[in-house]
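Engineer: Structure provided below as structure tokens; questions to follow.
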Amino acid sequence: MVSLAQLWLPIVVAAIGIFAASSIVHMVLQFWHRPDYHKFSNEDEVRAAIRKGSPAPGMYMVPYCPPETMKDPATLQKFTEGPVGFMIVRANGVFNMGKSLGQWFAFCLLAAVFAGYLGSITLPAGDAPMHVFRVITTVGLMAFGFGTLPMVIWYGQPWKAASKDLVDALLYSLVMAAVFMWLWPHAV
């Protein structure tokens, strides 16, 4: 059995590798995700309408419909007329890229810790490299990819965008698995 403490190096290197891979995907290969986001043709009017309501940061739905109003004819008419959507409103101000990148790196590190933990309780020291690769890839794909599926199911994220997120998740999990395979402890 391998202790989690023995895996500190692959955990840190994997988090750095995933962070680097995601930076390439989102900053160098901008053609990949940019088409997933659209601009309202009347953006200034939409912004003005939202600003007029002074919404606090949070998640909103249009039309708003608590379960008890789902069969109300007025609510059904709103759904028929449209638009139907979910919106996240952030605090006003310039987007804090440094904070988000720091949180993303922390998530990459957390995913690597859990991959290391599951590897440590299932894989012995000196295990076959491809076995290490397979287990860690599976954990990575779950960590980086499965969260996008509820976004499709419940919030209407287009499958095309979600499929790109899943490809990204596979890339990140392969990077993590390659690092763990390379740095997996040898049998004594």
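Engineer: Quantify, in whole percent, the carbon and sulfur part of the accessible surface of the chain (1.4 Å probe; protein heavy atoms only). Numbers along the way, then the final one.
Structural biologist: Working: 8820 of 12690 Å².
Percent of accessible area from carbon and sulfur atoms in the chain: 70.
Engineer: In deg cm²/dmol, rounded to 500, what helix-only [θ] at 222 nm does the chain give when every DSSP H run of at least 4 residues adds -39500 (n - 2.57) and the total is split over its residues? The partial results should precede the final answer.
Structural biologist: Details: 7 runs with 111 residues, N = 188.
About -19500 deg cm²/dmol.
Engineer: Based on a Kirkwood Rh over C-alpha pairs, give the Stokes-Einstein translational diffusion coefficient of the chain at 10 °C and viscosity 1.306 mPa s in µm²/s.
Structural biologist: 82
Engineer: Turning to a different aspect of this structure: Per residue, how many Å² of accessible area does region 136-182 show with a 1.4 Å probe?
Structural biologist: Here the residues of region 136-182 average 52 Å² of exposed surface.
Engineer: Quick check: from the Cα gyration tensor, does region 1-56 come out rounded (a/c under 1.5), prolate or oblate?
Structural biologist: oblate
Engineer: Now a separate question. Let's see if you can work this out: charge +1 on each Lys and Arg Cβ, -1 on each Asp and Glu Cβ, no other charges. What is the dipole magnitude of region 24-136 about its Cα centre, in debye to the nearest 20?
Structural biologist: Around 220 debye, computed over region 24-136.
Engineer: If the cut-off is 17 Å between C-alpha atoms, which aspartates and glutamates fall inside it for K164, apart from same-chain ones fewer than 8 positions away?
Structural biologist: D36
Engineer: Follow-up question, since we're still on this one. Over region 108-188, how many percent of alpha carbon pairs lie in each 5 Å bin up to the one with the longest distance?
Structural biologist: Once binned at 5 Å, the Cα pair distances of region 108-188 give 3, 16, 25, 19, 14, 10, 7, 4, 2, 0, 0.
The values are calculated or read from the model by the stated rules, or taken from the named source; none is laboratory data. Not measured: the values here are computed from a predicted model. In this analysis, Cβ positions are derived from the backbone assuming ideal geometry, glycine residues included, and neighbour counts consider all displayed protein chains. Surface areas here come from the heavy atoms of the whole protein model, side chains and all, with no ligands, DNA or RNA. Shrake-Rupley method; radii C 1.70, N 1.55, O 1.52, S 1.80 Å.
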